[in-house]
Amino acid sequence: MAKIVCATSVLLGREAFDSLGKLDWIPEKDIGPEVVRNADLLIARSKVKVNQALLHNSHVSFVATATAGFDHFDTAYLNKHGIAWTSSPGCNANSVAEWVIAALLHLAMQHGVDLQGRSLGIVGVGNVGSRVATLAPALGLRVLLNDPPRERAEPNLDWKPLDTILKESDIVTLHVPLTDGGPCPTRAMVDCRFLASLKPGAIFINAARGEVVDEESLLLGLERRYIGPAALDVFAHEPDVCPQTVARAAIATPHIAGYSYEGRLRGTEMCYQAACRFLEAEPQWTPSPLPPDPARVISHTAPHSSPIETLAQIVGAAYSIADDDRALRTGLTPDEAARRRHFQQLRAHYPDRHEFPAFTVRLGGESADLARRLSRLGFGIELL
């Protein structure tokens, strides 16, 4: 029987992996060399650094992360030692895309940003960027796409050079992986030159990786108003978030854009299916569907609001990005250790946040246009 170590941060991990072998259910902070020494499989999330220091002299032959990214894996070491590994690409794509939508609607309401007919430049059109491109027209946005690796593979799509994206976009949102090598390295790609090339007053959004932005350059751009409002979910030196950057940002949240309940659960499912394939075991577990909940029914009967105002009210009822923004700001003290603890605690104890398809909107008297916009965002519609 396989011995499995699974981090307690893996949503429903106990229910899933208990069917595959002898399970040790361990907090991430306690997963060290002694814990994994006799394990065959390791299932975790991004706080567990999977490298030689962790796995040397262990029995581990398979590791999986219930996250889309795998920056915390030393893949060269894993490959060299014949250790199978997998991540969960796309598991949280919809969650991050919904965060972008919530951020834009918040900016529209709180900062007077006009969205209708504006251009949204998406830099990085993988799982997340593609999903943002699908949702954005619900806000009346025109989408411009930039992704050099995809452009080489799919040259017939309507791609734009990065220079064009920066000059023509009213909003620029990043959805690139963190890379150091290859033809398109992304580490610190957002520097003074990048920011100076933005359309004056452009909104800047980063829910990708903090390290793709040179934060000193971003702070300078915000202080001198070279750019417009910034919405940030990730930071260059996590978990030590720079208070000055947060103070200048219009929206700042603690790296939780991809933390929806559904996104985390999809990560668990993807790891479980991969583990079953590795063990050549027939899958026995599937997560139960969400039970009905009156809290996920949103009634709206305000026909005189503008479409963007109405969308902001409904999206805000499903997910209040303002609450996450306030939660981060309240703990950014001058004490660096306290800031780090605050950031980590917000992530470790993040409440369940459901994605838009988990909600039903009851509409009364609104136009068909609003129903179409809400449907595009994924909401269920019930006409009264």
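Among helices (runs of 4 or more DSSP H) lying entirely in segment 311-384, which contain 2 or more residues that are closer than 14 Å to Thr253 by Cβ and modelled with pLDDT of 95 or more?
321-329, 336-348
Just need a number here: residues in segment 169-202 that are out of contact with any helix residue (DSSP H, G or I) (no Cβ under 9 Å at 6 or more places or on another chain) and either among the hydrophobic types (A, V, I, L, M, F, W, C) or surrounded by fewer than 15 Cβ atoms within 10 Å (Cβ to Cβ) (or both).
Total meeting the criteria: 5.
Which ranges mark the strands (runs of 3 or more DSSP E) fully within segment 34-108 that have 3 or more residues being surrounded by 17 or more Cβ atoms within 10 Å (Cβ to Cβ) and touching a strand residue (DSSP E or B) at 6+ places or on another chain (Cβ under 8 Å)?
Output list reads 41-44, 62-65.
Considering only segment 118-128, I want to know if a residue exists there that is surrounded by fewer than 21 Cβ atoms within 10 Å (Cβ to Cβ), over 19 Å from Leu374 (Cβ atoms) and out of contact with any helix residue (DSSP H, G or I) (no Cβ under 7 Å at 6 or more places or on another chain).
Looking through segment 118-128, at least one residue is surrounded by fewer than 21 Cβ atoms within 10 Å (Cβ to Cβ), over 19 Å from Leu374 (Cβ atoms) and out of contact with any helix residue (DSSP H, G or I) (no Cβ under 7 Å at 6 or more places or on another chain).
Would you point out the residue of segment 130-153, among those that are in contact (Cβ under 8 Å) with a residue 40 or more places away in the chain and of a type in the set (Val, Ile, Thr), that is nearest to Gly181 (Cα to Cα)?
That would be Val132.
Of these, Ala76, Ala39, which one is within 14 Å of Lys3 (Cβ to Cβ), out of contact with any helix residue (DSSP H, G or I) (no Cβ under 9 Å at 6 or more places or on another chain) and small (Gly, Ala, Ser)?
That would be Ala39, the only listed residue that is within 14 Å of Lys3 (Cβ to Cβ), out of contact with any helix residue (DSSP H, G or I) (no Cβ under 9 Å at 6 or more places or on another chain) and small (Gly, Ala, Ser).
Filtering segment 221-244 down to residues that are among the β-branched types (Val, Ile, Thr) and under 24 Å from Ser95 (Cα atoms), which residue is farthest from the chain's Cα centre (by Cα)?
Val241
Look through Asn156, Asn127 and report the one residue that is free of Cβ contacts under 8 Å to residues at least 60 places away in the same chain and more than 30 Å from Asn51 (Cβ to Cβ).
Values: Asn127 fails: more than 30 Å from Asn51 (Cβ to Cβ).
None of the others qualify; the one that does is Asn156.
The values are calculated or read from the model by the stated rules, or taken from the named source; none is laboratory data. Please read these numbers as outputs of a predicted model, since none were measured by experiment. Cβ: placed from backbone, ideal geometry, glycine included. Neighbour counts: every protein chain shown.
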